[in-house]
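Okay, structure first, notes after.
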């Protein structure tokens, strides 16, 4: 299998995203190697040895995606035995022309710390944890958004992703069976925050499968129970005009991006 | 201020990462707009209107970074009033040549759901939550890594990032004052898992500042207490050969990437 290397003097997240996006267009598998924080010529030479070894072992030239700010180190890696792609280079000159200013690559600014956004995100994570699963209602006023849905419909991972990626404070509130003795009504604690509500739903079969992994053969996990709960929450969303999303076929990135697009919620970090 | 648009028929995460990496090389500020899930020609025309409006309002041609798989939609956006950058295009032909196969862009594979990796990540998030703050020791055998450190040294956000981004199961264990009556020793519950331990530390001043936001003027937040606790944990890390990292100047992405690089821990998701 051909190897693909992602190399940087920073986290290498940009090189990974860039490489993955390109490689995902090809119906082939690759062996991935991420090598971040290459900050000395010695380390760079070590990396080149690994690339050469991979070439010798497989007979296939490795692909090398790199974003390296330090020119000396960049030159070493650009000389590797692999096929080198440095996507920044190709775009810098046209962008300089378009903006009428020169690029000033200082160091990795994209995934490194920014005093302000750091605190925002950690605060948002702490908020999501403190306001998970309806345990704490007194901070709902502070929430940017309140995710609702039945147990295991994806509320917690989504709230954490919104916090870590965008610095958004997401509380979440689970609808439980107790709320559904009769017809599910909007719980009174949520009424004041109706404008912040966003509903998640999921296909009954999938929910049944997820809950069964947790508590096999329970009433909680039964398909019948899943269908009942989901019917009730979806009816509530429609009746109350709460925007909602079926998360079944979406990744947590997609769910989060869709929530932002659907609600117009402003992210705190870019 | 010049606007920068990130547009895609998927999440637009790739377009954002690509655009941000490039723009971070320039000492200018931009107004960012992410527009994901553009899936119809109508939506694409709407986007072009927004781009044109921004141009008219500011007198500055917006930058438009896009990764669009659907050719019809891609063509519309490529015709916008902005300066268009489609980074995939430029690299597809050379990569086809290098690999000797044709690209088969089906749809967005990078940030969409993969049945297998989805479960891995959600499982890992649930694991991190269930094993946060040393509340649950019985699953440490299942952990890929156990983060240790004093209160507020970054264990929880890091464990959640490792879970969401890499599918890694990270437990965490806080060293508290009770452990430090005398000299801090390795708690007996951790001894069997010593090979999984990774220590976080932080500068006393910064810890003092973070704890003060939480509990101002407490002994817990006092600089003296922070210094004492940090000295104890760092001594322990050194004595026990536990790999560790000072997180003070690093973002959660950097801390996570450094942990992977330093431990050689295999990620479960690429």
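Going through segment B:228-261 one residue at a time, which ones are within 14 Å of chain A (Cβ to nearest Cβ) and either touching a residue at least 40 places away in the same chain (Cβ under 8 Å) or within 25 Å of residue B:182 (Cβ to Cβ) (or both)?
Passing the criteria: B:245, B:246, B:247, B:248, B:252, B:253, B:255, B:256, B:259, B:260.
Listed here are the residues, each with its yes/no results for (1) surrounded by fewer than 23 Cβ atoms within 10 Å (Cβ to Cβ); (2) assigned to a helix (DSSP H, G or I).
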residue: B:159; (1), (2): no, yes
residue: B:174; (1), (2): yes, no
residue: B:182; (1), (2): yes, no
residue: B:190; (1), (2): yes, yes
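Between B:13, B:7, which is in contact with a helix residue (DSSP H, G or I) (Cβ under 7 Å, 6 or more places away or on another chain), crowded, with 19+ Cβ neighbours inside 10 Å and more than 10 Å from every other protein chain (Cβ to nearest Cβ)?
After ruling out the rest, the residue left standing is B:7.
Matching residues to (1) surrounded by fewer than 13 Cβ atoms within 10 Å (Cβ to Cβ); (2) at pLDDT below 85; (3) more than 24 Å from the chain's Cα centre (by Cα):
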| site | (1), (2), (3) |
| --- | --- |
| A:56 | yes, no, yes |
| A:65 | no, no, no |
| A:81 | no, no, yes |
| A:85 | no, no, yes |
| A:99 | no, no, yes |
| A:104 | yes, yes, yes |
| A:135 | yes, yes, yes |
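Is at least one residue of segment A:203-211 within 22 Å of residue A:258 (Cα to Cα) and free of Cβ contacts under 8 Å to residues at least 12 places away in the same chain?
No, the conditions are met nowhere in segment A:203-211.
All but one of (1) surrounded by 16 or more Cβ atoms within 10 Å (Cβ to Cβ); (2) at pLDDT below 95; (3) assigned to a helix (DSSP H, G or I) hold for residue B:237; which doesn't?
Of everything listed in (1) surrounded by 16 or more Cβ atoms within 10 Å (Cβ to Cβ); (2) at pLDDT below 95; (3) assigned to a helix (DSSP H, G or I), residue B:237 misses just condition (2).
Find the residue count for segment A:212-224, including only residues that are assigned to a helix (DSSP H, G or I) and touching a residue at least 40 places away in the same chain (Cβ under 8 Å). Before you say what the answer is, go through the steps one by one.
First, pick out the residues of segment A:212-224 that are assigned to a helix (DSSP H, G or I): A:212-214, A:223-224.
With the extra rule that they be touching a residue at least 40 places away in the same chain (Cβ under 8 Å), the set shrinks to A:214.
Result for segment A:212-224: 1.
(1) outside any loop (DSSP other than H, G, I, E, B); (2) within 27 Å of the chain's Cα centre (by Cα); (3) modelled with pLDDT of 95 or more: which one isn't true of residue A:227, the others all being true?
(2)
Among the candidates B:264, B:167, which residue alone is surrounded by 16 or more Cβ atoms within 10 Å (Cβ to Cβ) and within 13 Å of chain A (Cβ to nearest Cβ)? Even if it seems obvious, please write down each step before you answer.
Working: B:264 fails: surrounded by 16 or more Cβ atoms within 10 Å (Cβ to Cβ).
Of B:264, B:167, the one residue that is surrounded by 16 or more Cβ atoms within 10 Å (Cβ to Cβ) and within 13 Å of chain A (Cβ to nearest Cβ) is B:167.
Hey, could you check segment B:106-125 for residues that are at the interface with chain A (Cβ under 8 Å from one of its Cβ atoms) and in a helix (DSSP H, G or I) and say which is modelled with the lowest pLDDT?
Step by step, filter segment B:106-125, then rank; the result is B:118.
Do we have residue A:17 as under 19 Å from the mean Cα position of the chain (by Cα), outside any strand (DSSP E or B) and either outside the structural domain of residue A:83 (by TED's automatic domain parsing) or without any contact (Cβ under 8 Å) to a residue 60 or more places away in the chain (or both) here?
Spelling it out, residue A:17 is indeed under 19 Å from the mean Cα position of the chain (by Cα), outside any strand (DSSP E or B) and either outside the structural domain of residue A:83 (by TED's automatic domain parsing) or without any contact (Cβ under 8 Å) to a residue 60 or more places away in the chain (or both).
The values are calculated or read from the model by the stated rules, or taken from the named source; none is laboratory data. Treat the numbers as computed from the prediction; the structure is a model and nothing was measured. Reconstructed Cβ throughout: ideal geometry from the backbone, glycine too, with neighbour counts over all protein chains shown.
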